[in-house]
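Chemist: My questions will all concern the structure given below.
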Amino acid sequence: MKVLFYSSRDYDREFFQSSNQSYQHQLRFIEESLSLETVDRVQDENAISVFVNDVLDRETVFKLSAAGIKLVALRCAGYDNVDLQAAHEAGLRLVHVPAYSPNAVAEHSLALMLALNRKIPQARERLKKGDFSLDGLLGFDFAGRTLGIVGTGRIGSIVARIALAMGMKVLACDRYENPDCQKMGVVYVPLDRLYKEADVISLHCPLSPDTNHLINRDSIKKMKPGVMLINTSRGAVLDSCAVIEGLESGQIAYLGMDVYEYESKLFFRDLSCAVIDDDIFKTLASHPNVLMTAHQAFFTSDALKKIADTSLQSLSQFEQGQTLENEIPWSG
Ligand code: NAD
């Protein structure tokens with residue numbers, strides 16, 4: 001199949017070209033992200049590959065369909081950036097990579113927790129300057145503390161397993177209780193109880209109308225003073241302004257974030273020589289109690305290989321008229 005890759009970077013090219021030796025699709029890579037303005041980059045392709053910040057709103061979806069696109073392959077698990085209703089109406093088929101490496105994201109969530117608590121970035125800066133003092137670097141033991149997980153699917157359940165192995169008590173909230181988590185010792189509780197009892201809250205639910213700004217002024221008020229918040233799900237699950245207020249009042253003592261509400265105009269590019277016109281980002285990034293990474297939780301070699309293999313396999317399934325194993329379900 002002929003496929004146009006939007007928002008592609010050198011690492012996408014490397015992993016896809018290597019996996020494609022077994023598939024022989026025709027791949028064309030461009031750096032630009034998908035928007036209404038860039039649909040005309042489609043030439044004679046009948047499929048496109050997109051990533052988390054490519055926008056597939058109603059107008060773009062219909063324009064893609066008119067340009068001859070039949071299949072959209074998302075190089076990610078979440079699909080909150082797609083107007084599913086419009087895609088259905090336009091007859092566009094959608095595939096994603098539901099589980100490329102839940103371990104990668106779970107491990108990154110733990111990395112944020114550990115680095116925040118033990119102030120590893122600050123310690124490194126001190127060491128480089130020859131400052132070997134410990135004042136201000138005091139941490140706490142995770143063992144014996146309570147972790148609250150919102151969303152115990154593929155990623156959240158791995159975070160639970162690691163936290164339990166570290167001696168933490170794990171509370172969770174999900175619309176469906178995961179029996180594997182229950183067997184491990186995770187206790188499902190209503191969200192308000194999780195807010196009240198958790199020392200650390202880690203978010204692993206998808207972004208949906210239900211979870212948009214789930215963490216807001218009201219929910220922050222219900223949390224334990226001095227709570228640690230970790231978000232590797234999607235930026236808009238947190239209300240960034242409410243979180244800044246929470247940090248300033250001390251209600252939130254630590255914030256680890258790999259995703260940011262307004263990341264689409266910043267992340268996945270080198271803007272080190274540009275003026276960053278985003279005061280919310282600047283406040284968060286410079287706050288001493290915030291540790292932010294630029295949507296890199298998925299970024300392991302294992303995950304990139306799985307993303308490439310799964311996407312190319314979906315393209316072959318489509319080309320051969322087979323059932324699309326990783327089709328995004330349409331529920332109407
Ligand atoms: P999953 O579908 O396996 O699990 C999500 C869980 O959230 C499910 O159990 C679901 O029932 C639950 N959920 C849905 N709505 C909820 C609500 N309102 N309250 C509580 N729980 C709710 O998904 P996953 O593979 O574990 O991924 C979770 C999210 O992580 C993805 O949707 C994506 O947004 C994000 N993600 C981020 C990265 C990254 O690099 N930062 C990479 C992959 C995925």
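The values are calculated or read from the model by the stated rules, or taken from the named source; none is laboratory data. As the structure is a prediction and not an experimental result, all values here were calculated from the model. Because the Cβ atoms are built from the backbone with ideal geometry, glycine has one as well, and the counts that use them run over all protein chains shown. Ligands, DNA and RNA are stripped out before the accessible areas are found, and what is left, the full protein with its side chains, is counted by its heavy atoms. Shrake-Rupley method; radii C 1.70, N 1.55, O 1.52, S 1.80 Å.
Chemist: Quick one: count up the residues across region 214-226 that are in a loop (DSSP other than H, G, I, E, B) and surrounded by 17 or more Cβ atoms within 10 Å (Cβ to Cβ). Even if it seems obvious, please write down each step before you answer.
Modeler: Step one: of region 214-226, the residues in a loop (DSSP other than H, G, I, E, B) are 214, 216, 223-226.
Still in the running and surrounded by 17 or more Cβ atoms within 10 Å (Cβ to Cβ): 214, 223-224.
Summing the residues that are in a loop (DSSP other than H, G, I, E, B) and surrounded by 17 or more Cβ atoms within 10 Å (Cβ to Cβ) in region 214-226 gives 3.
Chemist: So, of the residues in region 54-76 that are open to solvent by less than 40 Å² (accessible area, probe 1.4 Å) and touching a residue at least 40 places away in the same chain (Cβ under 8 Å), which turns out to be farthest from the ligand (Cβ to nearest atom)?
Modeler: Looking at the filtered set, the residue picked out is LEU71.
Chemist: In the list LYS282, LYS306, LYS265, which residue meets the criterion of being closer than 30 Å to ALA73 by Cα, open to solvent by 40 Å² or more (accessible area, probe 1.4 Å) and more than 16 Å from the ligand (Cβ to nearest atom)?
Modeler: Working: LYS282 fails: closer than 30 Å to ALA73 by Cα; LYS306 fails: more than 16 Å from the ligand (Cβ to nearest atom).
The conditions single out LYS265.
Chemist: Oh, and also: From the list LEU229, LEU247, which one is surrounded by 15 or more Cβ atoms within 10 Å (Cβ to Cβ) and assigned to a strand (DSSP E or B)? Break it down into steps so the answer makes sense when it comes.
Modeler: On the way: LEU247 fails: assigned to a strand (DSSP E or B).
Step by step, each of LEU229, LEU247 is checked, and only LEU229 is surrounded by 15 or more Cβ atoms within 10 Å (Cβ to Cβ) and assigned to a strand (DSSP E or B).
Chemist: Okay, moving on. Scanning region 149-177 for residues that are small (Gly, Ala, Ser) and open to solvent by 30 Å² or more (accessible area, probe 1.4 Å), which turns out farthest from the ligand (Cβ to nearest atom)? Even if it seems obvious, please write down each step before you answer.
Modeler: At the first step, the residues of region 149-177 found to be small (Gly, Ala, Ser) are 151, 153, 156-157, 160, 163, 165, 167, 172.
Keeping just the survivors that are open to solvent by 30 Å² or more (accessible area, probe 1.4 Å) gives 153, 165, 167.
Values: GLY153: 2, ALA165: 19, GLY167: 23 Å.
Across region 149-177, the extreme among qualifying residues is GLY167.
Chemist: Here are the criteria: (1) over 30 Å from VAL170 (Cα atoms); (2) touching a Cys at 6+ places or on another chain (Cβ under 7 Å). Tell me which single one VAL52 does not satisfy.
Modeler: That leaves (1) as the condition not met.
Chemist: Please tell me if ARG234 is at pLDDT 95 or above, under 18 Å from ASN53 (Cα atoms), assigned by TED's automatic domain parsing to the domain that holds ARG154 and open to solvent by 20 Å² or more (accessible area, probe 1.4 Å).
Modeler: Working: at pLDDT 95 or above: yes; under 18 Å from ASN53 (Cα atoms): yes; assigned by TED's automatic domain parsing to the domain that holds ARG154: yes; open to solvent by 20 Å² or more (accessible area, probe 1.4 Å): yes.
Spelling it out, ARG234 is indeed at pLDDT 95 or above, under 18 Å from ASN53 (Cα atoms), assigned by TED's automatic domain parsing to the domain that holds ARG154 and open to solvent by 20 Å² or more (accessible area, probe 1.4 Å).
Chemist: Let me ask something else. Would you point out which residue out of SER264, SER316 is part of a helix (DSSP H, G or I), at pLDDT below 95 and either closer than 30 Å to LEU92 by Cβ or of a type in the set (Val, Ile, Thr) (or both)? Talk me through it step by step, then tell me what you get.
Modeler: On the way: SER316 fails: at pLDDT below 95.
So the residue among SER264, SER316 that is part of a helix (DSSP H, G or I), at pLDDT below 95 and either closer than 30 Å to LEU92 by Cβ or of a type in the set (Val, Ile, Thr) (or both) is SER264.
Chemist: Then there is this: Check off (1) over 24 Å from PRO102 (Cα atoms); (2) aliphatic (A, V, I, L, M); (3) open to solvent by less than 30 Å² (accessible area, probe 1.4 Å) for ALA198 and give me the number that stays unchecked.
Modeler: (1)
Let's see how each residue does on (1) touching a residue at least 40 places away in the same chain (Cβ under 8 Å); (2) within 30 Å of TYR23 (Cβ to Cβ); (3) not aliphatic (A, V, I, L, M):
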position: SER272; (1), (2), (3): no, no, yes
position: LEU284; (1), (2), (3): yes, no, no
position: VAL290; (1), (2), (3): yes, no, no
position: THR310; (1), (2), (3): yes, yes, yes
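Chemist: Consider GLY139 carefully, then state whether it is within 12 Å of the ligand (Cβ to nearest atom) and at pLDDT 95 or above. Write out each step before concluding.
Modeler: Working: within 12 Å of the ligand (Cβ to nearest atom): no; at pLDDT 95 or above: yes.
Here the answer is no, as GLY139 does not meet what is asked.
Chemist: Looking for whichever is more than 16 Å from GLU107 (Cβ to Cβ) and within 10 Å of the ligand (Cβ to nearest atom) here; the options are THR211, THR232, THR146. Which one fits?
Modeler: Numbers: THR232 fails: more than 16 Å from GLU107 (Cβ to Cβ); THR146 fails: within 10 Å of the ligand (Cβ to nearest atom).
On inspection, the qualifying residue turns out to be THR211.
Chemist: Of the conditions (1) within 14 Å of the ligand (Cβ to nearest atom); (2) of a type in the set (A, V, I, L, M, F, W, C); (3) open to solvent by 50 Å² or more (accessible area, probe 1.4 Å), MET292 clears all except one; give me its number.
Modeler: That leaves (3) as the condition not met.
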